[in-house]
Structure formats: C-alpha cells, structure tokens
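Worksheet: the structure to be examined is printed underneath.
Nothing in this text is a laboratory measurement; each read-out follows from the coordinates by a stated rule. Worth saying up front: this structure is predicted, and the values here are computed from it rather than measured. Backbone-built Cβ (ideal geometry, glycine too); neighbour counts: all protein chains shown.
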Amino acid sequence: MAIIQCENITHYYGNRLIYKNISFEVKRGKILGLLGKNGTGKTTIINILTGYLKPRSGVCRILGEEMEHLSPAAKSRIGLLLEGHIQHSYFNIEQIEKFYSQFFPNWKREAYYELLKKLQVAPTQKISTMSCGQRSQIALGLLFAQDPELLILDDFSMGLDPGYRRLFVEYLREYTTAENKTVFLTSHIIQDMELLIDDCIVMDYGRLLLHEPTARITKNFRRFRFQATATPPQTPVLWNTEKVGHTWETYSFAPAEEVRRELTSAGGEVSRFVEEKLSLEDAFIGLTGKY
Amino acid sequence: MKYKNIIRSCIIAATTLALLWAIPSLVSTATYSSQNHPFVYFSSVVKQFCFRKTIGKQTQRYDAAGQEYTESQFDSIMPMMYYRQLALNGLMPDSINGAAVTPQIIRSNSFIFRYRPSEMSQPHIGLYVLLESMSGRANLQSPGDAFRFKDKIEFIDILANTVDREKSELYEKELNKRGYTFPTQWAFGDFSTQKSFDEGYFALDASGQFFHMKQVSGKPFIRNTKVGDSISIAHFSMLNVSNKRFYGFVFDNQGYMYILESPSYKLRKLDLPPLSLHGDDVLIMGNMFYWTVTVTTEEGKKYFALNNETLQKVDEYLLDNKTNRWDKVSSWLFPAYITLSDNSSRFVQPKVHFTALTAFALNIAIALIFAIFARKKVNVAFHAVYILVTGVAGLIAVLITPDFK
Amino acid sequence: MNAIIYKEWIKTRRFVLLLGVLFAALITYIFLWSGQMMEASGAVIIWETIIGKDMRLVGYIKYLPPAAGILLAIVQFAPEMQSKRLKLTLHLPVNEGKMMCGMLGYGFTVLLALFSLSCAILMLGLSVRYAHEIVMANFWVSLPWFAGGLFTYLLGSWTCLEPVWKQRIFNAVTAACLVATLYTDQMSGAYATYLPYMLALLAVCFFFSLYSTARFKDGVQ
C-alpha cells in the first residue's frame, strides 16, 4: 500500500516552471531519498506533500488523505522535520518535550531522553543557545517520541558536521528497520545515503529523472572511460557523455558490451575502454551531471 | 481553512468602511477652504447691515446699500461695536438715537451669545457646582462642593469626597416643596466665578416643568418658572448680562427662540423663523438698540436685525454659501462617505452622508475598468458590483485584499 | 488547548511581565501626578476644572495599550514566522483554525486581563479622591484607548502572520485606519455611542488572522 501518492504535480513560481506533471509513490516500510542538486525543488515537494504549498495542479495523498486537508489524526501519524532542524527555540529541553507530549497519546518520553543522554546539555538549556548538531538531536528525539508511521525529513544533513550526520543516519536506520516505518527525506549531501535509503528519486530541473531502488543504482550504474576517434553518439542508454582532458566519460545502466556497441554504432573507433563501479555519490553525479 | 471566503469578505468590508471614513476626511482636510463670509453687524446709526470683508491684505467696509467706508468712518457708524476705539480717539458721541451713551452703558447692555447644535447632544459628566448668587464680592467664590442632580440632589464635599447630608436634605426638601419631580431631564448653568452674580441653574424636571434653582444667602431658592406650561422646552442656554434683563435663551421643540426675562420668568419670543436645533449655529451680538442675529445653516448665513426692546425683526440679509472645493471634489469622488463626528453632536457615531449622483459616474468608470482588467479567477461580476456601490474605497479594499488561487 | 497556552506563555512570559511592570509604573505615575496636582492647586480647583473643562486624569495611559497590543502580536507571532516555524505549529494534530484561535485567544485574554486590571486599579484609586461621576468619565475616556490595544493586537497579528511583505504593508495601513477611529480626540464619554460598532468590529477583526494563516498554508510568496 502506498503511504504517499503524488499525481501529476505541476508547479510554477510566478512564470518559472518548477516541474510539470510529476508523479510518484512511496510504499510502506521504505526509506525514500529525494535527491537533487540545489534549486531542483526538493523543499517544494516537501511543502506540497505536507500541505504548505498549493501546487498549480495535481494532487498528493498522504496516508490516503489529501495533503491540503490532513486531519489531525493523520497529522499525528506523520513526523515532520523542517529544513535546518528548526524548532520552537524559546523552549528548553524539558519544556519542549512537555509541550509536544500533550498532543500525542502514544508519546514515548524515554525515546526522547534516551537520545539526549549523550548530549552535553543541561535539561534547562534553551534550544536557541544550542548548536545545529545538538538541535538535530532534539528534533530527532522529538520525532522518535512521537513515533509516527511516516517521517518527512527536509534536508536533515544541512548544517551537520560529519559526526552528527552519521549519528543521525545511524539512529534513523536503526529506528526504521526495527519498526515498519516509512521515511521520505531529501538531502543534497549524498554521502552516508547508501547506508540509509532503499529507494531513490533523483530530481533534475523541472522533472523527475529517476525513481529506482538504491541497490539497483549502485549495482548496475557504471562509469565508462574510453578514448574515441569520433564524438560518441547521444543515445538513451548513455548518461552525460563528456570529454575530460583526452579521455571520454559516459555512464550507463547497461552492461559493458552493450555500451561499447552503442558507442561504435555511429562509426568511429573506441579504445582503452574501462568499466568502473560507483558509489551512490558518483552515481548521482553521473545521473545529474556536474553542472 | 473552511471560512476563508467569509473572512475575506469581512476584511474587504471592514477595509471599505475604514476607507469610506479615512479617505474623505483626508481629502476634506486637503481641500479645506473657508467660506470667507464678511463680518456683518447692524449699524444703529445708518440702520442697515454693514460689512467688513478682508481679501488678502485688502479690507473692504461697506453697507447693504453698497456705500463704502473708510476705517474711521466705519468706526463711527458702528459705535456699539467700536465704542472703545471711539472713546480712545475722543470721538464718542454723547447720545445715539436720542439715548445717552457712555462706554459703561454700552458695555452693560451688550452681550454675545452663541448656540451650537452640539450643545443638545453631548456627554455630560453629571456633576454641577452651585455658587452663592450674591457673595458681595467682585468675583464669586467656589463653594467647595459639587452636586449630582439626576435621580436626587446630592451635594458632595470636595475635600472629603463624601456626601454633605445636611445640605443635600435641605435642597431635597425645598425641591419637593416646590413640586420638582425627579429624575432631572437636564440642567444648565454657568459656574464660572469671573462675574459679580450667579443665577444658579435652570432644570427641566421629569414632568417637563422648568425650574430655577440658586443659592441665596446660603439657602436654596427654587421656583417653578411655569414656562413648561406654555411651550415644550427643548433647550436652555444661560447668559449673564450685566443689565440682568433676562436669564438666558429658551429654545422650544419647534425651533423658536425666547428670552426668559428676569426676574418675572416671562418668555419673550424672538422674531426669527424657526431654527433647526440640530443643524444651525446661532450667534447673537446684542446691544442697547439692535441685536444682530447670525444663523449659520448648511446653505449659508442668514442675518437678522432685531429691535432690542420689542425683539421684532427690523431687517434681514442672506448670504449663500459658495460651493466650496470640498463640495465640488466630493460630489465627483464620493457618492457617499462616513463621518464619525460632526457639528450636530459631540458623540462619536458613524454617519453616512450622500453627496451627489454625479459621483456615480466615477464608480461606474472604475467598476468597468475593474471588470475589464481583473484577472478572471476572481468573481469579477460580484466585485464589480461591489465597487460600483462603494466606489474608490471599495476598489482599494478589493485591490489590497489578496484573493485565493 | 493547555499545551497551546503553555507554549504561548513560555514564549511571551518575559514580555507579559514587562508589560505588567510598565502598566504598574504608569499607573503609579498617574496617581503621583494627580496627587501632586491636588496638593498644588487644591482639590476644589481640580474638581471644577474636571466638571467645567473636561480635564482628564488618565491621559498618560493613552498610547500604552495600543503599543502593548502591537508588541505582544510581534512577540507572539514573529518567532512563528521566522524560519516558518508556524509549519510546526500547524502540523500538530489539532484543527488549524482551532490552533490559531487558541493562540490569538491567549494573547487577547492576556491583554484583556491586563487592561481590565489596570483600569480597575486606576478607577479604584481615583475613587478615593473623586466622585464616581468623575471616575466614570475617566473610565469612558480610557475605554477606547484600551479597546485600541485589543485592536492593535488583533490587527498586528493579522499583519505579522501575513506571509508576503507587500501585503503586510497594506494590512498595516488598513489596521492604522481602523485603530485611528478610536483616537479622534473627543470629550469624555463621546465614544459611548460608538461602543456597539467597536465591539462588532473587534469581533470581526479577531478572525482576520485566520486569513493570513490560510495564505501561509497555501504557500503564497
């Protein structure tokens, strides 16, 4: 069953097209990463999903309800992390827990304090005086205590140093695998993502580039370096073919023989043909290009 | 959110109302121009209205017949007005119209009285001060107490801020004896101490009887004037003139004006057409020969000269208001506008004023422009009709209130 | 609902306390000033000036309530608009209209309580040296000023919650026009006849902020 369903979302800011007719689904129990370069509209998708932006057309459903009119019951089943781990910063650690606990009948107080134990903060410290990393732990702790079915995390890696980022990823991984949780997250830092996400949606300007299981990408998507006598042809099989110094690069999901066949299909010779396995980050660059 | 369209309508309505008040009051301030009516006074020498008008630095002096005067000539035909100047120049005549005059005689018979319609409609604190009427001193003295006079009479000692039971009972008893019925409808007096005598208060009681109450030698003096038997009293304005000919002016509900003679409580009607008590301003400049009465109405100023003895009209003169800039501007800009206060009342109360149908031309124009240029996603027809009715204010309200996608 | 009040209280408690101190200071000043005036001129002159010339005793308080209203609106809603924290608030499992009404109701109640208390203390204090007619005249003269504070709060919130800057300016201008109706200098008691209009406007203005919230939810920029 799909937890998130988006159909034919089209949105403009003024006259600038953000995307046209994009559709996707997220299945229960999956961790889905929405990846894209800056300005491809990742936060816009989150805003539309959570009902804070009305798209020009199209509809999203979360837990079967339309995003604009989420019922309080549905909202209590959705955990939301805003970009930059924004929280009500006038609260201190105890106050914010006390505040949120009153809205959720199944509030797990221990989960929150468990996570904060390792932080070097006093329970009366105000959130506004904390570092971004510490705030990310507060926000995560609150989400764990809320124990929602669906977590929507907007650019959780923003502002975190590698330690906290890794910490965040590990906690999240542990949490979601233990219980059948669904996560929808965006990030522009791809490192660490391999450990976390089951499915990838890769955004490009104005469109949805790809929606695939992460494993299929890391397993099948390869980089090929070669030298060629003629400019290689543009075919649907080859991604972002370009010349780096004297050597050409191209990326493809296809096996080596097929790539080679494609490259020579328009005539010309290919030599020094090398196949390379890719990390998710390299794959991301291969998919979206460097620019 | 469910009710956003209703709330949006409320915002537009409230904005429109606020602008229907704010824009015209700004425009009215910006277009303010005084009527620049001349000063008018009835001459007891040439026996006609005389005028002094200043335009820029030029002052014109002339009479109703068109005869022009120099400044000193003007002084001499208006001795009742300029007697101090005449006395200073040694030009004061010994007698005028066969009556001996001195500055003292003129002064003791002259008065200026002013009635504003807001007197009839203004908040009153509900406390009064009753002076001793003849203290025997040049200036009167404050009694050190104040009294309330609505449902009962109660004197309050100011220093102690407590009720003076003894004095209150004394007055209560006397009022009852004279047949006064509480609650008081209204009472009017003047407790300024810059005068040599005080006539206390005149009050309309619950049964429409008109009473005089003052304090003489520390004792209450209360009389039913019986004026309430002959006319239905709308208002009374006290005026202390040194010749003590009358207590003040009584207005009846038909708009006629009377003087209440002293000490007989007899009414003498002024030979004036009925006034609109809620709209007209009255200014009376009286002297020992003639009273110059100026009635300011919406249309203009009416001047009447009354004989001091008989209060019969001897002359009248009319000056129409020129259409001023505000009238012109408003009749093209606003078919209707709102004021919160005007000169007929000192209470704040929104009032809708209608100017002229010509202003609907503008409304039609802007409604059409709106209908043509408005984006189609809003309910154009409804908004255009709204703008047609409410004009500029409605247009601004619609334009500055964002609509929904 | 308790949680909403709790949040608003944590957010504004310092400012509310400051307001309390400011009002207390001003009321003290008014009493000192009126006492000194009595000493200097004598009670009789003061009473007669009040009766004859409509002198006010509470004039100093005139602009404090509207300032308090605007500032409370800012203290309460500026943090919500900063980094769009309002999203967190609206994402809580409570009906959004109810949530906003709860937040506004908190501020409105705080101001109403502060104003009522201040007014009551002022009137009680004045009644020591002045007849109740004089006390009432001062009550009536201060009523539109206190009401002005409630208006600036509601309209200030409406303006603060509006997501678009240009629109905020329009809202502020409209708000200024509406509040100005309460500050046309008039005799004490002149506003008695305006009271029903004022209450009706106040009731309507309460819901203006919901419109800004709806615009926020639609992501208008």
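Quick check: is even one residue across segment C:46-61 within 18 Å of the chain's Cα centre (by Cα), over 30 Å from A:Gly51 (Cα atoms) and not in a helix (DSSP H, G or I)? Scanning segment C:46-61, I find at least one residue that is within 18 Å of the chain's Cα centre (by Cα), over 30 Å from A:Gly51 (Cα atoms) and not in a helix (DSSP H, G or I), so the answer is yes.
Do you know which residues across segment A:15-34 are outside any strand (DSSP E or B) and within 14 Å of chain C (Cβ to nearest Cβ)?
Of everything in segment A:15-34, just one residue is outside any strand (DSSP E or B) and within 14 Å of chain C (Cβ to nearest Cβ), namely A:Asn15.
Which residues, counting only those in segment B:1-40, are in a helix (DSSP H, G or I), of a type in the set (Gly, Ala, Ser) and out of contact with any Phe, Trp or Tyr (no Cβ under 7 Å at 6 or more places or on another chain)? Of everything in segment B:1-40, those that are in a helix (DSSP H, G or I), of a type in the set (Gly, Ala, Ser) and out of contact with any Phe, Trp or Tyr (no Cβ under 7 Å at 6 or more places or on another chain) turn out to be B:Ser9, B:Ala13, B:Ala14, B:Ala18, B:Ala22, B:Ser25, B:Ala30. Listed by position, the helices (runs of 4 or more DSSP H) inside segment B:57-146 whose residues that are acidic (Asp, Glu) and free of Cβ contacts under 8 Å to residues at least 24 places away in the same chain number at least 3 form an empty set.
Just for segment B:313-361: of the residues that are within 14 Å of another protein chain (Cβ to nearest Cβ), hydrophobic (A, V, I, L, M, F, W, C) and touching a helix residue (DSSP H, G or I) at 6+ places or on another chain (Cβ under 7 Å), which one is nearest to B:Tyr258 (Cα to Cα)?
Start the filter on segment B:313-361 by keeping residues that are within 14 Å of another protein chain (Cβ to nearest Cβ), which leaves B:337-352.
Retained after the next criterion (residues that are hydrophobic (A, V, I, L, M, F, W, C)): B:338, B:340, B:347-348, B:352.
The next check asks that each one be touching a helix residue (DSSP H, G or I) at 6+ places or on another chain (Cβ under 7 Å); those that pass are B:338, B:340, B:347-348.
Details: B:Ile338: 35, B:Leu340: 32, B:Phe347: 27, B:Val348: 30 Å.
Per the criteria, the residue is B:Phe347.
Taking (1) of a type outside the set (S, T, N, Q); (2) within 30 Å of B:Gly218 (Cα to Cα); (3) touching a residue at least 24 places away in the same chain (Cβ under 8 Å) in turn, B:Glu166 satisfies each apart from (3).
Here's a check for you: in segment A:64-80, which residue that is more than 8 Å from chain C (Cβ to nearest Cβ) and out of contact with any strand residue (DSSP E or B) (no Cβ under 9 Å at 6 or more places or on another chain) is surrounded by the fewest Cβ atoms within 10 Å (Cβ to Cβ)? Across segment A:64-80, the extreme among qualifying residues is A:His69. Of all positions in segment A:35-45, at least one carries a residue that is within 14 Å of another protein chain (Cβ to nearest Cβ) and surrounded by fewer than 22 Cβ atoms within 10 Å (Cβ to Cβ). Considering only segment B:169-185, I want to know if a residue exists there that is under 29 Å from C:Leu124 (Cβ atoms) and either basic (Lys, Arg) or within 12 Å of another protein chain (Cβ to nearest Cβ) (or both). Scanning segment B:169-185 turns up no residue that is under 29 Å from C:Leu124 (Cβ atoms) and either basic (Lys, Arg) or within 12 Å of another protein chain (Cβ to nearest Cβ) (or both).
To keep it simple, each residue is scored yes or no on (1) of a type outside the set (A, V, I, L, M); (2) farther than 30 Å from B:Thr162 by Cα; (3) within 14 Å of another protein chain (Cβ to nearest Cβ).
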| residue | (1), (2), (3) |
| --- | --- |
| B:Ser28 | yes, yes, yes |
| B:His37 | yes, yes, no |
| B:Thr54 | yes, yes, no |
| B:Glu71 | yes, yes, no |
| B:Gly90 | yes, yes, no |
| B:Ser95 | yes, yes, no |
| B:Ala100 | no, yes, no |
| B:Pro103 | yes, yes, no |
| B:Gln122 | yes, no, yes |
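On the basis of being out of contact with any Ser or Thr (no Cβ under 7 Å at 6 or more places or on another chain), under 30 Å from B:Ser331 (Cα atoms) and in a strand (DSSP E or B), does B:Thr54 make the cut?
Values: out of contact with any Ser or Thr (no Cβ under 7 Å at 6 or more places or on another chain): yes; under 30 Å from B:Ser331 (Cα atoms): yes; in a strand (DSSP E or B): yes.
Yes: the conditions hold for B:Thr54.
Applying the selection to segment C:78-92, what residues are under 21 Å from the mean Cα position of the chain (by Cα) and within 7 Å of another protein chain (Cβ to nearest Cβ)?
Hit for segment C:78-92 is C:Pro79, nothing else.
Within the option set C:Asn95, C:Asn138, being within 13 Å of chain B (Cβ to nearest Cβ), polar (S, T, N, Q) and within 21 Å of C:Ser212 (Cα to Cα) holds for one residue only, C:Asn95. Among the residues making up segment C:148-182, a single one is away from chain B (no Cβ under 12 Å) and without any contact (Cβ under 8 Å) to a residue 60 or more places away in the chain: C:Trp165.
When you scan segment A:67-89, do you find a residue that is in a helix (DSSP H, G or I) and either of a type in the set (Val, Ile, Thr) or touching a Gly at 6+ places or on another chain (Cβ under 6 Å) (or both), even just one?
yes
Of the residues making up segment C:183-207, just one is more than 7 Å from chain B (Cβ to nearest Cβ), assigned to a loop (DSSP other than H, G, I, E, B) and over 12 Å from C:Pro144 (Cα atoms), namely C:Phe206.
For every residue, the table says whether it meets (1) of a type outside the set (A, V, I, L, M, F, W, C); (2) more than 10 Å from every other protein chain (Cβ to nearest Cβ).
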position: A:Gly84; (1), (2): yes, no
position: A:Ile96; (1), (2): no, no
position: A:Arg109; (1), (2): yes, yes
position: A:Ala145; (1), (2): no, yes
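Pull up segment A:98-107, narrow it to residues that are within 15 Å of C:Thr89 (Cβ to Cβ) and either of a type in the set (Lys, Arg) or assigned to a loop (DSSP other than H, G, I, E, B) (or both), then point me to the one that is farthest from the other protein chains (Cβ to nearest Cβ).
First pass over segment A:98-107, keeping only residues within 15 Å of C:Thr89 (Cβ to Cβ): A:99-100, A:102-104.
Narrowing further to those that are either of a type in the set (Lys, Arg) or assigned to a loop (DSSP other than H, G, I, E, B) (or both): A:102-104.
Details: A:Gln102: 4, A:Phe103: 5, A:Phe104: 7 Å.
Once the filter is applied, the top-ranked residue is A:Phe104.
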